[in-house]
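> Structure in structure tokens, see below.
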Amino acid sequence: MVETVVKLRRDAGRYEPGDSPWIRRQQIASVQGPADPAGLARLVGPRQEALGWGLYSPDSTIAYRSLTWSAARPDEDWLARRFAAAVESRQLAGLEDHATGYR
């Protein structure tokens, strides 16, 4: 399987946990591999250091949306586990009958 690798520009600024999960098109130096908006993309810094995993959209101004800050590729059931945790949090907070948005 060929993976998509999104490399940040040297002048893109710092990028670490706690920063915005969005990377704008002008912050990207290069993209290697298929530009599949439905597939995971690995984010690397200017020195090829692993920064995380997310979704790459070649047609959007916000070209990369971070999902994890880990160098390890997310497991196949990663999204299902995150969704289940969000549902459980809403239930514990008593929100399941009052709102329909999930984050």
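> List pairs: first in region 78-96 and in a helix (DSSP H, G or I), second surrounded by 11 or more Cβ atoms within 10 Å (Cβ to Cβ) and among the acidic types (Asp, Glu), Cβ under 8 Å, 6+ apart or cross-chain?
So the pair list comes out as Val87/Glu96; Arg90/Glu96.
> Only one residue in Arg47, Arg73, Arg65 is touching a residue at least 12 places away in the same chain (Cβ under 8 Å), part of a loop (DSSP other than H, G, I, E, B) and among the charged types (D, E, K, R), so which one is that?
That would be Arg73, the only listed residue that is touching a residue at least 12 places away in the same chain (Cβ under 8 Å), part of a loop (DSSP other than H, G, I, E, B) and among the charged types (D, E, K, R).
> Under 7 Å by Cβ, and 6 or more places apart or on different chains, what pairs join a residue from region 10-32 that is more than 18 Å from Ser70 (Cβ to Cβ) with one that is surrounded by 14 or more Cβ atoms within 10 Å (Cβ to Cβ) and of a type in the set (S, T, N, Q)?
Partner pairs satisfying both residue conditions: Ala12/Gln27; Val31/Thr4.
Residues are listed down the side, and each one gets a yes or a no for (1) in contact with a helix residue (DSSP H, G or I) (Cβ under 9 Å, 6 or more places away or on another chain); (2) surrounded by 14 or more Cβ atoms within 10 Å (Cβ to Cβ); (3) aromatic (Phe, Trp, Tyr):
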| site | (1), (2), (3) |
| --- | --- |
| Ser30 | no, no, no |
| Ala35 | no, yes, no |
| Ala38 | no, no, no |
| Leu43 | no, yes, no |
| Pro46 | no, no, no |
| Tyr56 | no, yes, yes |
| Ser60 | yes, yes, no |
| Ala71 | no, no, no |
| Ala80 | no, no, no |
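Since every read-out is calculated from the coordinates, none of them should be taken as a lab result. What you are looking at is a predicted structure, and each value in this text was computed from that prediction instead of being measured. Glycine also receives a Cβ, built like all others from the backbone with ideal geometry; neighbour counts cover every protein chain displayed.
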